[in-house]
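In what follows, a single structure is set out as structure tokens and then discussed.
The values are calculated or read from the model by the stated rules, or taken from the named source; none is laboratory data. These numbers come from a predicted model, not from an experiment. Glycine also receives a Cβ, built like all others from the backbone with ideal geometry; neighbour counts cover every protein chain displayed. In case anyone asks, the SASA skips ligands and DNA or RNA and just uses the protein heavy atoms, side chains included. Shrake-Rupley method; radii C 1.70, N 1.55, O 1.52, S 1.80 Å.
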Amino acid sequence: MLPPFLFRRAALVLAAGVLVAGGACSSSSKPKASAPGSPTRTTTAAATGGLPTLHVNVTAVDDNGTKGPDEATVAAVKATLDRWLADAVVGPLHAGKPAGDLSPIFTAAALERLADPSVRSTFVDEGMPPATTAITPEKLEVTLSSVAGPDEVVAMVAARLDLKLRAVGPTSDVDVVHQGEVVLVPDGDGWKIDSFAVRASRDSREATP
């Protein structure tokens, strides 16, 4: 089921009649772990000292009672979330430097929100000491929720994030958590993050020799 703020976003991109008035989705369906684009559980970490390659785990796909996404759509959404994880989380954590160009994965509206430092800090992990010793995933779970229009074309996908990583460097040991919802929309040949409501926490301590 789409959370309220994602439902409001869906109402802007879908034709009238797909969504029920009142801020809730009309759906009798439950998340389907066996739907097209079935849950993926791929998490890879590089050897200690190297830049790890991490992947989100899609644990379920809920179609909200509409035409569900096919495997290609789920794969494209997952690819965007994997790139966000690489470019906005793992990369800055490992290098201890600001993220590079994020325009390939965010719409113009989302990039405008990221210009606000208080918002950016919830979704991009910058400003911490380099985690060159190890970046270890503890949980990288994503639940997808889609809505299709009367033409049965999926117009948006919401992703509920539940991520926790441990980033260790020469001087610091940090638990990084991102939890919340992200809305992705089709853009060209792929999908981009269009809006988000995510909270982040970073529990830092001195690294153990």
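Within segment 82-106, the residues that satisfy the criterion of being crowded, with 22+ Cβ neighbours inside 10 Å and not in a helix (DSSP H, G or I) are Ile105, Phe106.
Considering only segment 124-136, I want to know if a residue exists there that is in contact with a strand residue (DSSP E or B) (Cβ under 9 Å, 6 or more places away or on another chain), under 19 Å from Asp82 (Cα atoms), open to solvent by 50 Å² or more (accessible area, probe 1.4 Å) and polar (S, T, N, Q). Yes, that holds for at least one residue. In the set Val176, Val154, Val198, Val183, only one residue is surrounded by 18 or more Cβ atoms within 10 Å (Cβ to Cβ) and closer than 15 Å to Ala88 by Cβ; that residue is Val176.
Among the residues of segment 137-151, those that are modelled with pLDDT under 95 and open to solvent by 30 Å² or more (accessible area, probe 1.4 Å) comprise Pro150, Asp151.
Taking each residue of segment 139-163 that is on the phi > 0 side of the Ramachandran plot and looking for partners that are open to solvent by 10 Å² or more (accessible area, probe 1.4 Å) and of a type outside the set (Gly, Ala, Ser) with beta-carbon atoms closer than 8 Å, six or more apart or interchain, yields Glu152/Thr66; Glu152/Lys67. Number of residues in segment 167-208 that are outside any strand (DSSP E or B), touching a residue at least 40 places away in the same chain (Cβ under 8 Å) and β-branched (Val, Ile, Thr) equals 1. Across segment 46-81, the qualifying residues are those that are in a helix (DSSP H, G or I) and open to solvent by 20 Å² or more (accessible area, probe 1.4 Å), and the one among them that is nearest to Leu140 (Cα to Cα) is Lys78. Flag not set for Ala99, criterion: within 23 Å of Thr73 (Cα to Cα) and at pLDDT 95 or above.
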